[in-house]
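One structure is given below, encoded as C-alpha cells.
Every number in this text was worked out from the coordinates using simple rules, so none of it is lab data. Every value quoted in this text rests on a predicted model; they were computed, and no experiment measured them. Cβ placement follows ideal geometry from the backbone for every residue including glycine, while neighbour counts extend to all protein chains displayed.
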Amino acid sequence: MPASLHSRLVGPDDGTPGAGSNASASAGSSSGGAPFGVAPAHDAAPEAAASEAAAVVEPEGAMSSSAAGAVAEGAMPANDGPGRGPDEKAPSPNPSPWSHRRQPQPQQRPVAAAPARGLSPAQRLALTLAMPLMMMYCMAAFAVAWMSTFTVVPSYILAQRLYWTCPFIPHIWRRLGPLAGFAARIGFESSHCINILTRLLTLPLRPHLPSFYILGFPKCGTTSLAEHLRTHPGLSATAGLPYHEALAKESHFFQGVYGRSCASSRLLYRSCFPTVVTRWWHEVVRGAPAWMCFDACPVNACTPHVAERIRRLTPDAKIVVMLRDPVPGVFSAEIMMRDMGVPLEWTLTEPVTPNDPRFTQIPADVASLWRELAVLPHDAPLPYKLPYTLYNTLGATLQCGMYAELLQPFLERFPRESFMFINFGDFVKDTEGVVRQVLDFVGLDSQSYRHVPLLPAMKNNYGSRRMHPSVKAALTELFREPNRRVAALLGRNDLGWAGMGPESA
C-alpha cells in the first residue's frame, strides 16, 4: 500500500500524549468470563454473515478477515478537568488526533446504567386526561402536513434538502424504471415531507432528545441492532412514516437534512423524535416501566464535527459503538451502494495497479475535508461537498474505517462509562445476547425484550462480485496500524481483524 495514502488518512504513526490530557483506559474481559457487552456465542453464524465473508477473497497467506472475539468494553479517557456544561466551549478537535494519542490503561468494567425513570402517577393521569385533545391536535397537524405536501413549494424545498443530505436516494428510485421509479420517488418525497411538516407542527408535544446513540460505522450492523431494539416496549427511534430503511431509524440531522445551517438546533433536533403521545402509549398502554428514544445514524461517527454537537445537545447520553473489521466492511459498503444504483467511479473487484488512483488520488481531497470538519464551529453551516464526498468517494469510505481516529472526538467529550463497544462478529453469533446487554447498558429492562428473528435489513446481494485478492492485501496493509490502535484503545488483541494476527505482529 502506498505510504502516502496511509499518512494522508491517519496522520503520523506515533505521537506523545498531549500536555494535560488524561490517558484513555480500556479493559479486556477476565479469563473465563464473557466481556462486557457480549453474551456467549452460539455455534453457528447466520447465513448473511457467511455470504459476506465469502465475498472477500483471501489472498495466499493472508489471515482470515472474519470478525471474531468479543465486545470490547470501553476504556475511555476521563474528562479533562471538571465536567463541562452543554453550553461551555470544548477543546478544539485536533485534525490529526494521533499526533497526541492517549495511551490505553486498564480500567474496571463498565456497569449497567441505573433503571430509567418512567412517568410518575400524576404525569400518567395528566397525560391520560389530556390525551383526547393531544390526539386531535396530532391528527389535525398530520392532515395539514398531508395537504401541504402536495403543493409545490414545501415538497420541492424539503426534497432538495433530503437529496443533498442523502445523495444516494435518487438512485434508488431511478433504477426501478419509469413507472415504478416515479411511484418510489413520490413515496420518498411525500413521506419525507409529511414527516418534516408533522414534526414541526407538533413540536410543542416533542420534548424528547435521544437517551443513547448507536454510532457504529457503515455496514457494521447498526440497522439490525436498531431494528431489534425497536421491538422493545420501552424504545422508539425517530418519528415518522417508515417508508424506507434510510429514513426509519436515522435522523440525518447532523448531516443537514433540515438544511446546512440547521444541523445544531436543539429545537429542530427535538422534532425528529416521538411525541408525548408515544411515550404515554408505551408506558401506560403497553405497560413499559420506562420509555426512551435513540438515534442510530451510522455516519455520525464518520464525520468529526458531530461529536461536539451531540455533546452540546445531549451531554448525558450513552453511546453504543459497533465495530467491524474494516476490510470486509469497505467492500460491503461498495456492494450496498451499487445495489442501490449509485454509479461509483471506483471498485474493489479489480486488481491493484502501480500508482493505483483508487489509493493515491482521492484520499488527499477527503483528508482536506475531514480536517475542515474537525475544526468546524458547532453552529457553522456544513460544507456543501460533504454528502457527495461521504457517499461517493473511495477515500471517504476508507476514512470511515479509521475507527480509532474517528472515535477520538467522542472520547474527548464523554466519560468512559458512557461507552459500550460491540464487535460485529459477536453480534452476528449471538444477536439476542448482545441486544439484552445493550438494554441493560442504557437502563431498560432486558427481561421485557422478546427476541424475534428479523428479515435481513438492507442485506447485500454479492452475486459473483468478489474483492480482488490484491485489493484485500492492500487494504489489510492500510488498516494494519489503525486496527492495532483500536485494539490498544480497547485493551484487546483478540478482535481477529485483518492484519492483527500473530503472523502480522
Can you tell me the length gained on complete extension of the stretch SER464 to GLU417, counting 0.36 nm per residue apart and subtracting the Cα distance? 12.5 nm
How do TRP146, TRP173 line up, fewest other C-beta atoms within 10 Å first? TRP146, TRP173
Using the Karplus equation 6.51 cos²θ - 1.76 cosθ + 1.60 (θ = phi - 60°), what ³J(HN,Hα) coupling, rounded to whole Hz, does each residue of the stretch 398-404 give in order, writing x for Gly and Pro? 5, 4, 5, x, 8, 4, 4
In nm, to one decimal, how far is the modelled label at MET136 from the one at ASP365, with both set 7 Å along Cα→Cβ? 5.7
For the pair ASP494 and SER448, how long in nm is the line joining their label points, each one 7 Å along Cα→Cβ? 3.4
Considering the convex hull of the alpha carbon atoms of the stretch 349-505, report its projected area averaged over all viewing directions, in nm², one decimal. 12.9
Would you grab the residues whose amide H sits under 5 Å from the one on PHE419? Only those 5+ places off in sequence or on another chain, please, with H modelled 1.01 Å from N. ILE319
Tabulate in residue order the Karplus-calculated ³J(HN,Hα) for the stretch 186-193, using 6.51 cos²θ - 1.76 cosθ + 1.60 with θ = phi - 60°, rounded to whole Hz; enter x for Gly and Pro. 4, x, 4, 5, 5, 5, 5, 5
Per-residue Cβ contact counts at 10 Å, fewest first, order MET131, MET420, MET500 as MET131, MET500, MET420
Counting only DSSP loop positions in the stretch 265-346, the GluC sites (Glu not before Pro) whose Cβ has at most 12 other Cβ atoms within 10 Å are GLU345
If each residue's Cβ is checked for other Cβ atoms within 10 Å, how do CYS293, CYS138 rank with the fewest at the top? CYS138, CYS293
Between ASP316 and ARG117, what is the spin-label point distance in nm, taking each point 7 Å from the Cα along the Cα→C-beta axis? 0.7
